[in-house]
Amino acid sequence: MLFKLAFKNMAKSIKDYSIYFLTLVLGVAIFYMFNSLDSQQAMLEVSKSTREIIELMIRILSIVSVFVAVVLGLLIVYANNFLINRRKKEFGIYMTLGMGRRQISKIILIETIFIGIISLLVGLILGIFASQLMSVFVAKMFEADMTSFEFVFSKAACIETCIYFAVMYLAVILFNAFTVSRYRLIRLINANKHNEKIKMRNPFWAVIVFLFGSIILGYAYYIVTKQTETLRDLPDVLRPILMGIIGTLAVFWSLSGFFLLVIQKMKNIYLKGTNLFVLRQINHKINTTVISMSVICIMLFMTITILSSSLAMHNSMQQNLLSLSPVDINIIKRAYLKETGDIIYDKEVLEDSKLPIMETLKNHGFEENTLKDVVEIPIYEIEGLNFGKFLGNQQEHFEERYTFLAYGEHEEVIKISDYNRVARLYGKEEYNLKENEYIVLCNYQNIAYIRNQVLSSGNTLTIAEKEYVPKYSECKDGFLEISNSRMNTGIIIVPDSCNLQQEMISEFFLAANYNTDNDKEKIEEMLDGAGDDIIKQLREQGINIRTSTKISLADSSVGISSIVIFIAIYLGIIFLIASSVILALKQLTDSSDNKQRYIILRKIGCDEKMINRTLFKQIGIFFGLPLLFAIIHSIFGIQFALIVLEGLTNTEELLPSIIVTIILMGFIYGSYFLATYLGSKNIIKKEE
Amino acid sequence: MEKILEIKNIEKYYGNKTNLTKAIDNISFQVQKGEFVGIMGASGSGKTTLLNCISTIDKVTSGYILVDGEEITKLKGNALNRFRREKLGFIFQDFNLLDTLTCFENIALALTIQKVHSQEIEKRVEEIAEKLEIKDILKKYPYEVSGGQKQRVAAARAIVTNPKLVLADEPTGALDSKSARQLLESFEFLNQNLKATILMVTHDAFTASYANRILFIKDGKIFNELIKGKDTRKDFFEKIIEVQTLLGGDLSDVI
């Protein structure tokens, strides 16, 4: 009997369940997709170093999954709560007929289990198919070979998904049992009758607050796009964020009142069809839902920004790699080791540290012609010349402001002719210097910003007992060590005449290309220090030597950006679902409250078409407003993200990622919009 | 006199062959322009079904209903909606004002959904508000005005579209006696001063006594008809009570 009742109820309120069901299905599908990454075909076809990165990513994703599970769990409980509230009256009738709380709990239990199993099945099927699609995407990102397509099913991910969702359903069941245990019959019977207080705001305040909000937002936008150089530490960055939040709140608080006032002046729009009703509905509702609208707007903003800037970051990292890694390999060795205090080296190591890298390699049986275009230069360190010293009399000022920088770090110094040899190999600009001049090479913008302030004041440096003045009032863009992002915090270039002693050499630096046309991987294996190769052997002897190779940089660049991108998409989608669910349920709750208003509209002569159009407009505006403001925020937010990510991205790269973001958002947000519209239509349609 | 409403032999059946209920059993009557007609009957007598059929919410099983010369039982879709919007005005048991709209907007809404031009809307709302003496509360919300004012706003909304026929379903059903009197007085005003044709369904003798003519319905048939004529309302009320006692049915059922 209870079974029959439970199923009949569900069949009857299938449209009410649509949001709940949609959330469960999407939740399951996404959960499966991201937890099945490891067994995807693309993952099996990638190189070894990429494989390690993927393993790291999967570990991070599984931690993120716990967070996601909590968010989804809360959403599901929230959505479920909405459904239970909708049916208070129904339960009230059962209770008057003599049904006990336990039996009602049982009905709800049967329903929850039933809908849970169905949504788990549908979600898993959807997830399995979607993960095949994602496989293609993953393959493209990791440049894996996907010529032979195979259908993959991850048992582990499936079991994991089932366990997580079983726990969530359990939470829902417990929550329901608790809710039912607190039911009072009189409240259930009268559940539909409650008086809503109408709050109307003075239009004068709406205008003032709206202007205030707009100005604050405008100023925050201005700061993050046009005054970015002032945003150098945390409080600086937090200020526009805080302003953004306050501005958003203020705008949502006053928006409807302000527009009501404006549109009332435009009689042609105001007095047309049901427009005035729609306007009042929105005005009324926004007044009662300022906070949730603002939260939704900010969540959407985060989704858009995170998604599009992380996708763009991936693209531009690839490009950076090309310009920041002009040669195949760099080898760097500590030179002229000094024994101080406890640090004692082997004699052989000490001797070796006086030799250039190529000599060391040859001594250990390395064939010189494996490499071509070899350039080797010494890098000097001068006792007492550190970053703090470089800043001169401005050191204290900066130390106060940026406490986290390493002011004691020694500055690297190289000779101009040495640099020019490297520059020639890299295909970069060569420089020349007068006897008393120096240049600073730096491409890490935050440090360059600090250095520029010093350089522009004509900072004099004492190097090897001689004074030097800066040739340029700013850092020059450049680097020695190849890299996949702009990481050079500063190298000082001095004239050849500078009195640099051999003992001042701290490192030998070698740049070269592999002497081969097609089999770079083979040489890479000889030098990357990962396997049993010459670099590893040298290290085992205690020689401090390391390499940077273009191939490993490419792999890690792909890896880093892929990790970021996957986590961003994962979280982005969850944020999106969360805000959509909240918005959708808010609307549906309102629709049941507003049922009476639509009945009146129908009574005074609105036909169904008009009613539906009115409802569509109302819900459309409700979904559209946070999205609109989120998009405006994002236009500025993305620009700011580009600056923070520091040259990782350029604007043309953004377009494709924005398009992908829009498609993704359109699908999820759109589904919820549609479900809400249909659900509301169903609610207001029911005529007793 | 112009015939606003003409009902010819309408019948309305519910149920199926084995269990047939005749909610309306062959009713015919006419309403002339400017009349204030009351329809009385106990609950279950078929009076609300009759009103629903006239207002096209429900369909008759057989017979014809002509409003302003137009046969409405065969209307469908848009034509039906247009007919309801343009020819009929409704006044409800509870005033059915939208709480989120100002009084002005509540009245204007009846016109905007008829796609009346925006300048004309303002003019017409002001006009009717002046006649019903609610001009100074137009900017207020329903919760800010008294019950009597609310009723006049509802009446203004029903009449502002210049409907051929105003239909009122138990208009005093949910009111205390003072508010009921106020509403009925505004009905009288609409009828006498604005020449509105009103058809009112009620089971309450006092409410009915404001009408010019009363049709009594029992078991889906017209049972009696009373015309006020030159009577005072008090006399008319007494006559209504008499008929009601006769009609009551309750008595014969007891025996």
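The values are calculated or read from the model by the stated rules, or taken from the named source; none is laboratory data. Keep in mind the model is a prediction, meaning the values are calculated, not measured. No Cβ is skipped: glycine too gets one built from the backbone with ideal geometry, and neighbour counts run over all protein chains shown.
For segment A:577-585, check the following and say yes or no: at least one residue is touching a Ser or Thr at 6+ places or on another chain (Cβ under 7 Å), in contact (Cβ under 8 Å) with a residue 12 or more places away in the chain and within 14 Å of another protein chain (Cβ to nearest Cβ).
no
State whether the residues of segment B:57-78 include one that is surrounded by fewer than 22 Cβ atoms within 10 Å (Cβ to Cβ), at pLDDT below 85 and at the interface with chain A (Cβ under 8 Å from one of its Cβ atoms).
Yes - at least one qualifying residue is present in segment B:57-78.
Which of the residues spanning segment A:615-626 are surrounded by fewer than 22 Cβ atoms within 10 Å (Cβ to Cβ) and either facing chain B (nearest Cβ under 10 Å) or more than 15 Å from A:Gly679 (Cα to Cα) (or both)?
If the condition is that a residue be surrounded by fewer than 22 Cβ atoms within 10 Å (Cβ to Cβ) and either facing chain B (nearest Cβ under 10 Å) or more than 15 Å from A:Gly679 (Cα to Cα) (or both), then A:Ile621, A:Gly624, A:Leu625 are the ones that fit.
Residues of segment A:238-279 being within 10 Å of another protein chain (Cβ to nearest Cβ), in a helix (DSSP H, G or I) and crowded, with 22+ Cβ neighbours inside 10 Å, which ones?
Matches in segment A:238-279: A:Leu276, A:Phe277, A:Leu279.
Any residue in segment B:18-34 that is aromatic (Phe, Trp, Tyr) and surrounded by fewer than 19 Cβ atoms within 10 Å (Cβ to Cβ)?
yes
I'm trying to understand the selection: among the residues of segment A:11-39, which are within 29 Å of A:Gly670 (Cα to Cα) and surrounded by fewer than 18 Cβ atoms within 10 Å (Cβ to Cβ)?
Those that are within 29 Å of A:Gly670 (Cα to Cα) and surrounded by fewer than 18 Cβ atoms within 10 Å (Cβ to Cβ): A:Ala11, A:Lys12, A:Ser13, A:Ile14, A:Lys15.
Output the strands (runs of 3 or more DSSP E) that fall wholly within segment B:119-222 and possess 2 or more residues being closer than 21 Å to B:Met40 by Cβ and within 14 Å of chain A (Cβ to nearest Cβ), or say none.
B:165-169
Table: residues versus (1) modelled with pLDDT under 85; (2) more than 8 Å from every other protein chain (Cβ to nearest Cβ).
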| residue | (1), (2) |
| --- | --- |
| B:Phe83 | yes, yes |
| B:Asp94 | yes, yes |
| B:Leu97 | no, no |
| B:Thr102 | no, yes |
| B:Glu105 | no, no |
| B:Ala110 | no, no |
| B:Lys115 | yes, no |
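Hey, among the residues in segment B:142-179 that are closer than 17 Å to B:Glu86 by Cα and of a type outside the set (A, V, I, L, M, F, W, C), which one's surrounded by the most Cβ atoms within 10 Å (Cβ to Cβ)?
Filtering first and then ranking leaves B:Arg157.
With (1) of a type outside the set (Asp, Glu); (2) modelled with pLDDT under 80; (3) closer than 30 Å to A:Ile611 by Cβ as the list, and A:Cys297 as the residue in question, which single condition is left unmet?
(2)
When residues of segment A:407-441 are filtered for being of a type in the set (Asp, Glu) and surrounded by fewer than 17 Cβ atoms within 10 Å (Cβ to Cβ), how many remain?
Of the residues in that region, 4 qualify.
Checking B:Thr56 against (1) touching a helix residue (DSSP H, G or I) at 6+ places or on another chain (Cβ under 8 Å); (2) under 16 Å from B:Arg152 (Cβ atoms), which single condition isn't satisfied?
Failing condition for B:Thr56: (2).
Go over the candidates A:Lys609, A:Lys595, A:Lys536 one by one and state the one that is among the charged types (D, E, K, R), modelled with pLDDT of 80 or more, assigned to a helix (DSSP H, G or I) and closer than 30 Å to A:Asn85 by Cβ.
Exactly one of A:Lys609, A:Lys595, A:Lys536 is among the charged types (D, E, K, R), modelled with pLDDT of 80 or more, assigned to a helix (DSSP H, G or I) and closer than 30 Å to A:Asn85 by Cβ, namely A:Lys595.
Since A:Ala312 meets every condition but one in (1) more than 14 Å from chain B (Cβ to nearest Cβ); (2) at pLDDT 75 or above; (3) crowded, with 23+ Cβ neighbours inside 10 Å, which condition does it not meet?
Failed condition: (2).
Please tell me if A:Asp555 is surrounded by fewer than 19 Cβ atoms within 10 Å (Cβ to Cβ) and either more than 23 Å from A:Arg424 (Cα to Cα) or among the small types (Gly, Ala, Ser) (or both).
The answer is no for A:Asp555.
Pull up segment A:283-292, narrow it to residues that are in contact with a Lys or Arg (Cβ under 9 Å, 6 or more places away or on another chain) and closer than 23 Å to A:Arg613 by Cβ, then point me to the one that is farthest from the other protein chains (Cβ to nearest Cβ).
So, considering only residues that are in contact with a Lys or Arg (Cβ under 9 Å, 6 or more places away or on another chain) and closer than 23 Å to A:Arg613 by Cβ, the one farthest from the other protein chains (Cβ to nearest Cβ) is A:Thr289.
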